[in-house]
Amino acid sequence: MRLRRLIQEIHRRSIWQVLAVYLFGAWIGYEVVLALVEGLALPPWLPGLAIVLFVIGLPIVVATALVQEGAPRLSGPDLHLLDDLELADDGGGQEEATGPVERPHGALHDILTWRKAFLGGVLAFALWGVVAAGWLVFGGATGVAVPAESVAVESDRTGILRVAVEPPGAVVKLRLIDAEGVAGPPHGLDGGSAEVDAGEYLIEVEHPDHNPLTLVAEVPTDSVVEVDARLAPAGAGTEGMALVPAGPAAGSGRVESPFLIDRHEVTNAEYLAFMAAGGYREPAYWPETLVIDGESMAWSAAVARLVDDTGIQAPRGWSGGIHPEGKAAHPVVGVTWYEAVAYLRWAGKELPTMAQWRRAALGDDSRLFPWGSAQDDIERRANFSLLDTRPVGSYPAGLSPFGVADMAGNVREWLKGEDRARKPVVGGSWLDPTYMFEQAESFAPGFSSNAIGFRGVRRLRTD
């Protein structure tokens, strides 16, 4: 019955009330933290830091309550807490106390005080604020719009959108993106500038001699937003690719030369075309030696192990040499790094370096995700659903600054890598939490997974 006695004694000493007040206060504090994170576009790990501080504070508050109210005594042959309580309730058989009973206390009584517990809570919240302020100052929360200043805006719910296209002569259309991430009907943008309702827009650019391009821009009220649309030249082997200019690569140095990158991850249908062209039978697409399951072997022996569920040379998870029904437009998964390299050699491309990938994903500023730093509506911008892959390009609101889709979520992507034994993957997948976008992992090049795919890059020819 010792547990029952403990619960009864804790209840008598108001520990439950203290616990309830603390949890309610922690909930209020956490809601304030979420509001600050959303309003200031703070990084997604700051709410987690607040939870850690709340968890650390909980045992301190409980210990303080026990010490200040008098800890329950549960040992000793002559102590019968429940019996004493029952007799006290009956009011008989015991002499009433004639004066207050003083409880002896020691060093803990002076250390664990309510004043110190309160000051500790204030300091913990101040610590969180210092971390948040430090990120704002040094982490580089960036603005998304240019103040309107002298631009005349006719209503309080409009802004100015300007699109500069290179080369000139392109047709530009706008589509308003709704709260579900769905783009509305197109509207022309004549002259490269227009006053538009505040909101988020898809910018679709088409030119007869260049690849089409789609970008995303957020137009706040009373602001001017300027967008540069640089189109990739059309040509053999460049279909479906976007142009990425030279520039910084978000923690991976700098990309010194412009390049082209696939706007979408390679799909099942595209990989099937590689197989139909004899991709698994052509040694020119493969390294001379592959390492499969830790064993080094010639490519002919290695590709014999790269088979689907029915023993046919195809990605793992396929059956009969064909991808799952209804998934032609989904990204191909279940492929090793070697298979990704072989496909891209067949297509005249190669895997991106880490610098190229981060440059294409995050652009010039210190945004957290390809679309910016917003994290309250990730479900409409990227596939971190824990359900399955989605058709490529299903999240137009999640495009990168250069119009590249699905760089966060859907599937992780193989990169080139310099280490022969381990190859990097980046971007997070449908099977991952959102913070995996920032994490780079590495696997043996013979490894395959239903959450890893790839896309290709190629050099931009200037002649």
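The values are calculated or read from the model by the stated rules, or taken from the named source; none is laboratory data. For clarity, every value in this text was computed on a predicted model and none was experimentally measured. Cβ: placed from backbone, ideal geometry, glycine included. Neighbour counts: every protein chain shown. SASA here: full protein model, heavy atoms, side chains in, ligands and nucleic acids out. Shrake-Rupley method; radii C 1.70, N 1.55, O 1.52, S 1.80 Å.
With every protein chain in place and a 1.4 angstrom probe, the accessible-area ranking of ARG254, ARG316, largest first, reads ARG254, ARG316. Packing order of peptides 235-242, 359-366, 275-282, highest average first: 359-366, 235-242, 275-282 (average count of other Cβ atoms within 10 Å over each peptide's residues). Quick check: net charge around VAL171, other residues with Cβ under 15 Å of its Cβ, Lys/Arg +1 and Asp/Glu -1? Summing Lys/Arg as +1 and Asp/Glu as -1 gives -3.
Here's the picture: charge each Lys and Arg Cβ at +1 and each Asp and Glu Cβ at -1 in the stretch 238-379, and of SER257, ALA328, SER296 the one pushed furthest to the positive end of that dipole is SER257. Neighbours of ASN450 by Cβ distance under 10 Å: Lys/Arg scored +1, Asp/Glu scored -1, total 0.
Sum up the charges of everything whose Cβ sits under 13 Å from the Cβ of ALA236, counting Lys and Arg as +1 and Asp and Glu as -1, but leave ALA236 out. My count for the surroundings of ALA236 gives +2.
Tell me whether the stretch 239-300 comes out rounded, prolate or oblate; compute the Cα gyration tensor, take square roots of the eigenvalues as a ≥ b ≥ c, and use a/c under 1.5 as the rounded threshold. Taking the square roots of the gyration eigenvalues as a ≥ b ≥ c, the stretch 239-300 is oblate.
Peptide packing for 171-178, 452-459 was compared via the average number of neighbouring C-beta atoms within 10 Å per residue; ordered from the highest value, the list is 452-459, 171-178. Can you classify the stretch 307-463 as rounded, prolate or oblate using the Cα gyration tensor, where a ≥ b ≥ c are the square roots of its eigenvalues, rounded means a/c under 1.5, and otherwise it's prolate if a/b beats b/c and oblate if not? It is oblate, given that a/c is not under 1.5 and a/b is not larger than b/c.
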